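Below: one structure, written as structure tokens.
The values are calculated or read from the model by the stated rules, or taken from the named source; none is laboratory data. In this text, all values refer to a predicted model and were calculated from it rather than measured experimentally. Cβ placement follows ideal geometry from the backbone for every residue including glycine, while neighbour counts extend to all protein chains displayed. The accessibility values were calculated without ligands, DNA or RNA, using every heavy atom of the protein model including side chains. Shrake-Rupley method; radii C 1.70, N 1.55, O 1.52, S 1.80 Å.
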Amino acid sequence: MANSVVVATSVSLFSKYAQRRPSFFPLSSSNSIPKTNLNFNSQCFSNLLLSHSKSPIYGRHFVLRTSIKQSESENETELGLVGEDSAVFQLGEQKISSWIYFSAILGVVLYVLNVAWIDNSTGYGKAFIDAVSTLSDSHEVVMLMLILIFAGVHSGLASFRNTGEKLIGERPFRVLFAGLSLPLAVSTVVYFINHRYDGLQLWQVQDAPGLHQLLWISNFISFFFLYPSTFNLLEVAAVDKPKLHLWETGIIRITRHPQMVGQVIWCLAHTIWIGNSVAVAASFGLIAHHLFGVWNGDRRLAIKFGEDFELVKSRTSVVPFAAILDGRQKLPQDFYKEFLRLPYLTITALTLGAYFAHPLMQAASFNLHW
């Protein structure tokens, strides 16, 4: 064994260290290291201490190993999480009153949405679609404009979330965000369903053997790439105080922006199946919106979480599996358990239900005449 000592730093992880007073860990070594093996280059070691004293790094400590060979042969201990564990749902921690409030709020939201927007006799949804449709006779252009309007409101409000929450509070801002985004999302989806076959047919491959099954599986998988905050239904409905989360486990290990990846998969599957210009226009608009969300999402997380986000960013990737393949993301042996949780089981059930409910969704959209 070589007598040289490898000095390595590892991040000491505290979930909320940023809220605490700065603390510094002294340089220390294991008592099991023989003194005869501690053969330092004193000048290099002094320079190391000076470099850290000039710009202290909170929450870090030094680990001494007895040899380079030992440090290479041993598996590096995985850095603990600085982000949150996603899709965690502890049934014992749930309050019945919270879910009663959630059910009541959901019922009120759906009722108001129907009366104020969906019902043609009382709502403004049809008038909104008609107003946008007067700008162009092209279904492709109208489709893109609807997506642009939705994206502008949705991403715009998300960008001003910090300011908005300071002005009116977390819950009122969530109500404002949902109250404007949800009707626009419904309008965009209904218009796509009603006009998805009205464009110029570019290709026709629906008779290709096995294609339907392949695209069905792709579409099914796309819903597992929902961003973990979607699972926090009590926060979505503002029963619990909404927060901006820094997730780090589950789907985030595969890609830091699962919503974008899922949307790309969904768009490709539907565009290949439908094969016309309206589907291409819708996919272009949706993918462009989510690519913007990649930049905007990272920007917002960097502002909110600072160094914690930079650490999560360094060991995750936008491109699926890229961080895993290049070694930046170390998967734990029980990685699969991060998906064996109630939210993912719920997504499975809802995705299957949505597939079998397609005829009902199409009939409801046709009846609106949007």
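Some values worked out for this structure:
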| quantity | calculated |
| --- | --- |
| Any hit, segment 302-309, residues being aromatic (Phe, Trp, Tyr) and either surrounded by fewer than 18 Cβ atoms within 10 Å (Cβ to Cβ) or modelled with pLDDT under 95 (or both) | no |
| Some residue of segment 349-362 being more than 18 Å from Ser229 (Cα to Cα), buried (at least 17 other Cβ atoms within 10 Å of the Cβ) and not aliphatic (A, V, I, L, M) | no |
| Residue tally, condition open to solvent by 30 Å² or more (accessible area, probe 1.4 Å), under 26 Å from Thr271 (Cβ atoms) and more than 18 Å from the chain's Cα centre (by Cα), over segment 150-184 | 4 |
| Helices (runs of 4 or more DSSP H) enclosed by segment 260-350 - at least 1 residues per element that are under 30 Å from Phe192 (Cβ atoms) | 277-305 |
| Identity of the residue in segment 221-259, assigned to a helix (DSSP H, G or I) and among the polar types (S, T, N, Q), that ends up farthest from the chain's Cα centre (by Cα) | Ser222 |
| Wholly within segment 119-214, helices (runs of 4 or more DSSP H) carrying at least 3 residues that are over 23 Å from Phe292 (Cα atoms) and of a type in the set (A, V, I, L, M) | 125-133, 170-195 |
| Breaking point among (1) more than 30 Å from Gly123 (Cβ to Cβ); (2) surrounded by 13 or more Cβ atoms within 10 Å (Cβ to Cβ); (3) over 22 Å from the mean Cα position of the chain (by Cα), for Gln333 | (2) |
| Selection count where residues are under 27 Å from Thr351 (Cβ atoms) and open to solvent by less than 50 Å² (accessible area, probe 1.4 Å), scope segment 266-287 | 15 |
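For every residue, the table says whether it meets (1) basic (Lys, Arg); (2) more than 28 Å from Gly107 (Cα to Cα); (3) open to solvent by less than 40 Å² (accessible area, probe 1.4 Å); (4) out of contact with any helix residue (DSSP H, G or I) (no Cβ under 8 Å at 6 or more places or on another chain).
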| residue | (1), (2), (3), (4) |
| --- | --- |
| Tyr227 | no, no, no, no |
| Ala238 | no, no, yes, no |
| Leu246 | no, yes, yes, no |
| Gln259 | no, no, no, no |
